[in-house]
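Just below is one structure, and these are the notes that go with it.
Rule-based calculations on the coordinates, nothing more; no lab input. All values reported here derive from a predicted model rather than from experimental measurement. Counting neighbours? That spans all protein chains shown, and the Cβs are built from the backbone with ideal geometry, glycine included.
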Amino acid sequence: MHFSWPRFWVDHSKGFNYYLTWQERRNLVLYSVEKSGFGWWIVLVAGIGFLTDAYDIFSINTVIPMLSIVYWEGKFPTRYQLGMNTATLIGSMIGQVVFGLLADRYGRRKMYGLELIVTITASLGLATAATGVNRSMSIIALLIFWRLVMGVGIGADYPLSAVITAEFAPTKYRARMLAAVFICQPLGQLIAVLMAFAVTTGFKSYVSTATGAVSCSVDSTDLAGMQCARTVDRMWRLVAGLGAVPAAVAIVFRLTIPESVYYMLDIQNDSNEAMYAKGYFGSSDDPRSPMTDNGDSIQMDEREFAPKPALVKSGSGTGYIGKLQHDPGVNRLQPMLGHDHHFSHNSIEEYTIQTGGGVVAALEDPHQALASRADFMKYMFEDGNWTDLFATSAAWMLLDFTFYLLGVNSSSFVPTMFGEESGPGQPPYAMLISGERHIMEATSIGALLGSSIAIFVMHHYSQKKIQMGGFAVLGGLFIIVGALYVTLPDTNAHAAIVVLYGICQLFYNLGPNTTTFIIPAEAFPTQYRCTCYGISAACGKLGSVLGQIVVTKVTSNRSLGVTLITFVVVMLVGALLTRYVTPETCDIDGKGRKLEDLAKGKRFRKEEERRERDREVSRRKRN
């Protein structure tokens, strides 16, 4: 594996031979992308924003206990928690769909960075929400509003970061690059908890003097209680506002990022700018002397960097005269860059292209290829590709129905998992520090470990198989954890529950939580890739909203255990859906297919799979 680092300039000295046809130039761009290394820089640019999203989503687990101490005497109302969580998720659904549509219509680059501006604004708005003079304003209304706005920015980042990463990645590294971006989710979750832990520890001397949550609220009358309330109020605002810091860092790079290679090739049809964009991320290949797969050099001379020759209409009116290479391979409209194509520019002559009274503008780029609604409907329904969108959407919905119920609401039941009770009678410092430590131990470590393993596993197995196996393993784990919760009063098996819960988080991120992020970025054509990704991700957040409603019914360990056992059905449906409907974006050896091949749809994939199986059978017979 070799790495590609960015160039912060655009080298326009490296142009194209305009004697090549548009298709040949396109092939050279894609060839150069395929020969580039693991794009750490695009992973970093996309990952910082995704880390911010995770920080903002999961920091609520540490912010709510602080809010409960200051404004609700240690007991945060369930309806308010539901409102804040669902507002974020509904905002995410809006951002995913709207920005997905806009990115396909106007380009990924024009949208990239705008979502971080929304997130930064919402983070600062959330951190400065106040009750006003004599509680003239409702702080919960402001919190819900800013969480809704924040959700729009968070949701917008999903299709943009995933698709841009996929469209700049070489095929052999694409899945691992996407998995490397996704690892920023558990990393952001961990940083949110660590930040809250650091803030709580730093203000310990101001908080530890209070004996109970009641004496640390805004209604406190004694000096120690008022000081404690002011301190905890500063603490949650600091934790919430710090979410804007990594977003501010990332926005500089996102606003200067070039348009994605595939968007420029497939939508804008600008192969020259696509080569420049490829160079931004430090591809080591030089378009002056690209290499074929068998090591042969494609010879180019200095004339390739000359301005595009004017095409002068011939006197007969039936053609155009221009300088073209005499190599017969160039006359084909769609030559493939492969083992037997060796271009030479040493013999060039003028000749007229004539085709039965029509004109072949072989040197001209096609017009822009923005998708229309009719094109989209044809691709989905006439060509039968709607099942791919259904599968990616439904799998994400089934996953998030369970994942966000256990993730966003971990502050509600993690203390009981450790055999502790949190409430108004517990001292504020002990309540906060133990909750933050337990969340870190039970969720963050397992999730981060699972995502780390996923980066390496993606190189050996297809995403579809990993997703199917992840659903199946999680179903088995939910049976065990659910049974332990149901019998918890008799067994007192807190340690076993904590360990198994951490293992659940590991297999979430080793399995479907990562693969549902990857597959939609690969399975659809460039014209609809962000739109389909946004729809898939929005369905996932719809599942999360349903999960938030379910969690309000969980009032005891027994009811939580029963809920986890019923999740086995959800995981089984997810495994079956993945097995029979989810698109396979890898070949039979688990190696990724090229995006331009996957863009041809389900029928092409099925034909390729059939040919690969036939070749495998023939090979085994020969052996």
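The figures follow:
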{"read-out": "Fewest-first sequence of Met377, Met66, Met440, Met468 by Cβ atoms within 10 Å of each Cβ", "value": "Met377, Met440, Met468, Met66"}
{"read-out": "Against the rule of thumb 2.2 N^0.38 Å, how large the Cα Rg of region 115-203 comes out", "value": "1.46"}
{"read-out": "Order of Val481, Val261 under a 10 Å beta carbon neighbour criterion, fewest first", "value": "Val481, Val261"}
{"read-out": "Order by protection proxy (mean Cβ within 10 Å, highest first), peptides 495-504, 183-192", "value": "183-192, 495-504"}
{"read-out": "Spacing of the two label points (7 Å from each Cα toward its C-beta) at Lys591 and Thr78, in nm", "value": "5.5"}
{"read-out": "Loop GluC sites (Glu not before Pro), region 533-623 (other Cβ atoms within 10 Å of the site Cβ: 13 or fewer; DSSP)", "value": "none"}
{"read-out": "Rounded FRET efficiency, nearest 0.05, which uses the C-beta distance separating Tyr461 from Asp219 and R0 of 51 Å", "value": "0.35"}
{"read-out": "Peptides 558-570, 82-94 ordered by average Cβ neighbours within 10 Å, highest first", "value": "82-94, 558-570"}
{"read-out": "Efficiency of FRET between Met226 and Phe376 - r from beta-carbon atoms, R0 56 angstrom, step 0.05", "value": "0.40"}
{"read-out": "Net charge, Phe50 excluded, C-beta distance under 14 Å - Lys, Arg +1, Asp, Glu -1", "value": "-3"}
{"read-out": "Gain upon complete extension [Leu572, Asn623; 0.36 nm per residue less C-alpha separation]", "value": "14.5 nm"}
{"read-out": "Difference of contour (0.36 nm per residue) and Cα-Cα distance, Leu255 to Thr555", "value": "103.4 nm"}
{"read-out": "Surrounding net charge for Lys172, when Lys and Arg each add one and Asp and Glu each subtract one, Cβ distance under 9 Å", "value": "+2"}
